[in-house]
Amino acid sequence: MKQQALQISPNKLYASLLKKKNEIEQQQKIVKSPIIQGSPFINTQKNGTSGQVKIDSKKQRPTSGKDMKDISTVLFKKTHVRQNSKIIETKENTQNLTQSALQLLQKIKADRPDSKLGQIKTSKEILQYHQQLIEKQYQKLLDLSKQAEHHQLSQQQHFKQKLFKGPRSISNPDITTLQLSILKAHAKSIPGMLYTGQTKINQDAYKLIQKFGTKENDWYLQVSDGHGTNGHQVAQFVQEILPAYIEQEVLQSPYYYDRDKTISNIFKQCFLKTNEDLLNSGIDVTYSGATTVVVIAFENILYCANIGDSRAIIGRYDTKLSVVELSKDHKPDCFLEQARIIQRGGRVQAYSDEEGNPIGPARVWKSDEDVPGLAMSRSFGDYVASLVGVICEPEIIKHQLLPTDKFIIVASDGIWEFLSNEWVIETVYEFYKKGDCIGACNKLVQAAKEAWQVEDEVIDDITVIIAFLK
């Protein structure tokens, strides 16, 4: 057959092939099939024998009729070559190919990702095919994302294992698992002295409760400092009523979901309710009241609520001693406090001498009268002062204990008036190292008393609570 095909006139052969080509193009789409670079050989038969013809992109296509004397020339008839890439693009007519060339072409199609394109005949099939491609690409991206995430997690885990390898030392503890709490606590209170040398009524009161609520390591620490004619009654009333209200609310409230917000609300509600009860108690609070600072310790979490100028601090030792303030003194000349007092019709001014020079701390007065002269901007009671901006709403601070926190000090202004925070923690730290909580209280009270004797003609009431942490 091959020898007979070669005896036919080239013109007749070409016309026959062209006619056949037109018939096939009406039945199926013409698909472009780039021949992969790196496979520049195709099989063809020449003069009854098979051989390999190398396609050289630098050679020109045959142009004359005498160059088309065999089937191989027909194969390249409609071939155009890219000079740079050496990639061959051909419009295929499978009827014009030899059997070996057809097999090679089918193998190339089978290896191509889009080999199914030649089998698609309807738009529905095309749509389904593209949807399948999209799903495959999406799944591939999803798999790559999971692999990257898994790799990142592995790296983080490896880093943590490398960083925290072995047991943790005391100097590098894991604070998330440490059980920090109050080990022991002690309190001491002494009355002050009048300018006449007589001992005055102690207007300070304190409350120290272990196992506050239901847990062994929960503590309640409170110091109240009364002032005015009936200040001692006010302080004693607050010392009895406020802890009871707070403990009742703590036991009844499901604060475990949002303890910070719940405890804050409990403090505010209980302070307000205590003040309302005080106004209805029969105690004359026209010009009498009390400051109060409360610290609740829920194991390693502290909550401090404060009104007035009693104070709570923490002594911390981390290569050196430092102070952590749990409360802020509410003085009338603090910007926000003074703004509230002025807005509600009060004024802030210190006592003055004959020449108008200020004497002592800033005080709260009515705008048109020289009363009440209160030296703090928040307190229980103090009815007249409450008319011009003095409030009983506590300022609340949360603190998470650290291994470097050594002790807590809660005290009235009898301690803080002349003793600095830094001196106080340095003094207490020496007793902390010996585990002597009682000795620390006695030392602070005595030092404060001596400071009052040196600095003033009177001695204020002095009260302190010291709690050692474990």
Being open to solvent by less than 10 Å² (accessible area, probe 1.4 Å) and out of contact with any Pro (no Cβ under 8 Å at 6 or more places or on another chain): is that true of ILE307 here?
no
By residue number, the members of region 367-377 that are part of a loop (DSSP other than H, G, I, E, B) and of a type outside the set (S, T, N, Q) are ASP368, GLU369, ASP370, VAL371, ALA375, MET376
How many residues of region 339-361 are at pLDDT 95 or above, aliphatic (A, V, I, L, M) and open to solvent by 70 Å² or more (accessible area, probe 1.4 Å)? The answer is 1
Members of region 378-404 found to be assigned to a loop (DSSP other than H, G, I, E, B) and buried (at least 19 other Cβ atoms within 10 Å of the Cβ), listed by number
SER379, ASP382, VAL388, GLY389, VAL390, CYS392, PRO394, LEU401
What pairs can you find where one residue is in region 399-417 and without any contact (Cβ under 8 Å) to a residue 12 or more places away in the chain, the other is open to solvent by 40 Å² or more (accessible area, probe 1.4 Å) and not in a strand (DSSP E or B), and their Cβ atoms are less than 6 Å apart, with a gap of 6+ or different chains?
none
Collect the residues in region 362-377 that are surrounded by fewer than 20 Cβ atoms within 10 Å (Cβ to Cβ) and of a type in the set (Val, Ile, Thr), keeping them in residue-number order.
VAL371
What residue, of LEU278, LEU272, LEU326, is open to solvent by less than 10 Å² (accessible area, probe 1.4 Å) and farther than 30 Å from VAL424 by Cα?
LEU278
ILE246 vs. criteria crowded, with 18+ Cβ neighbours inside 10 Å and without any contact (Cβ under 8 Å) to a residue 60 or more places away in the chain:
yes
Might you check whether a residue that is surrounded by 16 or more Cβ atoms within 10 Å (Cβ to Cβ) and more than 30 Å from TRP365 (Cβ to Cβ) occurs anywhere in region 418-426?
yes
Here are the criteria: (1) surrounded by fewer than 19 Cβ atoms within 10 Å (Cβ to Cβ); (2) at pLDDT 95 or above; (3) more than 23 Å from ILE201 (Cβ to Cβ). Tell me which single one GLU450 does not satisfy.
(3)
Where the second residue is open to solvent by 10 Å² or more (accessible area, probe 1.4 Å) and assigned to a strand (DSSP E or B) and the first is in contact (Cβ under 8 Å) with a residue 40 or more places away in the chain and hydroxyl-bearing (Ser, Thr, Tyr) and lies in region 459-470, which pairs have Cβ atoms under 7 Å and are six or more apart or on separate chains?
THR463/SER189; THR463/ASP204; THR463/TYR206
For region 328-339, pairs from a residue that is at negative phi to a residue that is crowded, with 19+ Cβ neighbours inside 10 Å and among the acidic types (Asp, Glu), with Cβ under 7 Å and 6 or more apart or across chains, are ASP329/ASP309; HIS330/ASP309; HIS330/GLU337; LYS331/ASP309; LYS331/GLU337
So the strands (runs of 3 or more DSSP E) completely within region 146-258 holding 2 or more residues that are modelled with pLDDT of 90 or more and within 19 Å of GLY381 (Cα to Cα) are 204-210, 218-227
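The values are calculated or read from the model by the stated rules, or taken from the named source; none is laboratory data. Everything quoted here is computed from the prediction, not taken from an experiment. Cβ coordinates were reconstructed from backbone atoms using ideal geometry, including for glycine residues, and neighbour counts include every protein chain displayed. All accessible areas refer to the heavy atoms of the entire protein, side chains included, with ligands and DNA or RNA removed. Shrake-Rupley method; radii C 1.70, N 1.55, O 1.52, S 1.80 Å.
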